[in-house]
Amino acid sequence: MPPDFLEQKINITLKKIIEVTKGSFIGPVESLETKISSITIDSRSEKKSDLYIAIIGKKHDGNKFTEEALSNNIQFAIISNPSFQTKKTILVESGKTALANIASFLRDQIKPKIIAITGSNGKTSTKEIIVSIMNNYLGKDKFLYTAGNFNNDIGLPLTLLNLKNSHTHAVLELGMNHAGEIAKLTRIAEPHIALITNIGEAHIENFKSKDNIAEAKKELFNNSKQLEISILPRDDEYYQFLAKDKKDLKQITFGFTKEATINCKVLNEKTITIYTPKESCDVKINLLGRHNVSNILAACACSYALDIPLNLMKEGIEAVKPFPGRLEIINSNNGAIIINDSYNANPTSMRESIDVLVAMKGTKILVIGDMAELGKNTDKYHQDLGDYIKKFQIDFTLAIGRHTKVTMQQLDKNDFWFDSKKALLSELLRIIDSKSIILVKGSRFMRMEEIVNKIIL
C-alpha cells in the first residue's frame with residue numbers, strides 16, 4: 001500500500017479505542033484521555049503517530065515490530081500477542097479485527113450513505129465511473145471512495161478511517177478470494193446500496209465452481225443492517241439466483257436488455273444511448289469493449305439509486321479516460337497501437353479483450369501470458385482460450401507462460417510460444433510495423449506490463 005494509506009487521521013480518545021476494540025490496557029489511568037488523532041500499521045513510519053496497530057499478514061507478524069514502533073515516534077500500540085505487552089500497549093484478540101472495529105465506529109459517527117461494489121470483473125472500473133459521476137453531483141470533498149483496489153480486510157477499514165465530517169457518501173469496493181470474505185467486508189462497510197457487477201471465473205481455484213462464486217458474492221445482500229437497494233446485472237446468467245429471496249429490498253437492474261431498469265442502445269463504438277425509467281440521452285464513451293459499456297450501465301444504476309440526474313451521469317461518464325493497464329490505448333513511436341490490458345486476466349476478461357482487438361482495423365497481434373487461480377481446470381481454460389482465438393482472424397499470437405503452451409497447441413503457423421520475455425520481445429519487435437495493433441494481456445504475476453514498456457519505445 002502507498003505510504004499515505006498506512007497512516008490515517010482520526011480524533012478518538014485512547015479510552016474509546018480500548019472500548020471499541022474490547023482491549024485490555026495496563027498503563028496509567030491518566031493516559032486514557034489522550035487524544036488519538038493518527039493511526040498507522042507501519043512500524044517504520046517516520047511521522048509522529050498516536051497509535052500503531054500490529055497486523056499479522058501472510059509474510060510478517062506486526063507484533064514483532066511493536067518495540068520498533070514505540071521507539072519511532074508512536075505513543076501507543078494495539079497488539080494481539082501478550083509477549084509484547086507493556087504500559088503503552090492495548091492487548092486484543094486480533095489486530096485486523098481491532099482495525100475493523102475502529103473503522104466501523106468512525107463510520108457510525110459520520111453516517112455517510114454507503115455504496116458497496118463487488119463482482120468478478122469490472123469492480124474498479126465501475127467504481128471509478130461512479131466517482132467521476134459523483135464528482136459532478138457532489139464535489140470531490142463530499143464523498144470518500146476506495147483508493148486503487150484496496151478492497152480487502154485491511155484496505156477497506158483503512159479507507160473508512162479517511163472519513164471526514166464533510167463526507168455525505170462513500171463508494172467502497174469489496175474483493176474476495178474465499179467464501180465468507182464478502183460477508184466480513186459487508187459487516188465492516190454496512191452499505192445502504194449494494195452492487196454486483198457480474199459473476200465470472202476470477203479466483204475460481206478457491207471456489208471450485210461459478211455457482212460457489214455466485215453464492216459468495218450474494219453475501220453482499222445478507223450482512224448489512226441498513227441495506228436498502230440491491231443493484232444486479234440483468235443479463236448475467238446468475239441474475240435469477242442473485243435476485244431470489246430479496247423481495248424486501250428495492251431492486252435496480254442494468255444491462256443491454258430492455259427488461260433492465262437501466263439499459264442502452266449501442267449507436268457505435270464511441271456513442272451509446274442510455275435509458276432510465278425517467279429519461280434518455282446519448283453519451284460519448286472513452287472506454288473500449290462491451291464489458292465497459294456494462295460497467296457504465298452499472299455506474300448509472302447506482303447513480304439512479306441516488307437520484308442523480310441523467311445529465312450529470314452523462315458529464316461524469318464522458319470525463320472518464322481509460323484506466324492504466326485496463327484496455328489502455330498507447331501510441332508507440334513507430335505508429336503501432338498498443339492495447340495495454342496487462343493489469344490482470346481471467347477467462348472472461350481474456351475473451352472480452354480479444355473481442356476488442358478483433359473489432360479494430362490493422363494487423364492484429366495478440367500477446368498473452370498465463371491466467372492464474374483457475375485450479376484443477378487450468379489447462380482446460382487455457383485450451384478453451386485457444387479455441388476462442390481460432391474463431392477470429394488474428395494475424396499473430398505470441399504467448400509466454402507454462403499454461404499458454406496448451407493454448408498455442410490449438411493455433412497455427414503464425415502463432416508462437418516462448419520460454420522467455422526476451423525471446424518473445426525479439427519476435428514481437430521483428431513483426432511490428434506502423435499498421436500493427438498489439439493487445440497485451442495476462443494475469444498479474446506474469447508482469448505483462450514489462451512487454452508493454454519495451455514496445456512503447
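The values are calculated or read from the model by the stated rules, or taken from the named source; none is laboratory data. Predicted model only: the values in this text are computed from it and were never measured. When we count neighbours, we look across all protein chains shown, and the Cβ atoms used for this are built from the backbone with ideal geometry, even at glycine.
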Wholly inside the range 128-209, strands (runs of 3 or more DSSP E) that include 1 or more residues that are touching a strand residue (DSSP E or B) at 6+ places or on another chain (Cβ under 9 Å) and over 19 Å from residue 320 (Cα atoms) are 169-173, 193-196
Residue count, the range 257-282, condition surrounded by 13 or more Cβ atoms within 10 Å (Cβ to Cβ) and of a type in the set (D, E, K, R), comes to 2
Counting only residues that are part of a loop (DSSP other than H, G, I, E, B) and either buried (at least 21 other Cβ atoms within 10 Å of the Cβ) or of a type in the set (Lys, Arg) (or both), the range 210-222 contains a total of 0
For the range 53-64, the count of residues that are crowded, with 17+ Cβ neighbours inside 10 Å and either over 12 Å from residue 17 (Cα atoms) or not assigned by TED's automatic domain parsing to the domain that holds residue 42 (or both) equals 4
Query - Any chance residue 228 is acidic (Asp, Glu) and under 21 Å from residue 306 (Cα atoms) - result: yes
Checked the range 267-286 for anything in contact with a Ser or Thr (Cβ under 8 Å, 6 or more places away or on another chain) and at pLDDT 95 or above; matches are 273, 274, 276, 277, 280, 281, 282, 283, 284, 285
The correct count of residues that are touching a helix residue (DSSP H, G or I) at 6+ places or on another chain (Cβ under 8 Å) and more than 17 Å from residue 17 (Cβ to Cβ) in the range 65-85 is 4
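A quick yes/no check of all residues on (1) within 21 Å of residue 445 (Cα to Cα); (2) in contact (Cβ under 8 Å) with a residue 40 or more places away in the chain; (3) assigned by TED's automatic domain parsing to the domain that holds residue 198:
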| position | (1), (2), (3) |
| --- | --- |
| 334 | no, yes, no |
| 357 | no, yes, no |
| 360 | no, yes, no |
| 391 | no, no, no |
| 420 | yes, no, no |
The residue from 128, 181 that alone is in the same structural domain as residue 252 (by TED's automatic domain parsing) and free of Cβ contacts under 8 Å to residues at least 40 places away in the same chain is 181
Q. Quick one: is residue 371 closer than 30 Å to residue 178 by Cβ, outside the structural domain of residue 286 (by TED's automatic domain parsing) and of a type outside the set (S, T, N, Q)?
A. yes
When the range 126-137 is checked residue by residue, the ones that are crowded, with 24+ Cβ neighbours inside 10 Å and of a type outside the set (Lys, Arg) are 126, 129, 130, 133, 134
Within the range 240-256, the residues that are over 30 Å from residue 360 (Cα atoms), surrounded by fewer than 20 Cβ atoms within 10 Å (Cβ to Cβ) and not basic (Lys, Arg) are 240, 241, 243, 245, 248, 249, 251
Restricting the range 411-445 to residues that are loosely packed, with under 13 Cβ neighbours inside 10 Å, within 20 Å of residue 336 (Cα to Cα) and not charged (D, E, K, R), the one modelled with the lowest pLDDT turns out to be 414
Contact list, first residue from the range 441-457 and of a type in the set (Phe, Trp, Tyr), second anywhere and modelled with pLDDT under 95, beta-carbon distance below 7 Å, six or more apart or interchain, is 445/372
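Residue-by-condition table, conditions (1) over 27 Å from the mean Cα position of the chain (by Cα); (2) under 17 Å from residue 431 (Cα atoms):
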position	(1), (2)
381	no, no
384	no, no
393	yes, yes
396	yes, yes
399	no, yes
402	no, no
407	yes, no
If you go through the range 425-436 one residue at a time, do you hit one that is in contact with a helix residue (DSSP H, G or I) (Cβ under 7 Å, 6 or more places away or on another chain) and within 26 Å of residue 201 (Cβ to Cβ)?
no
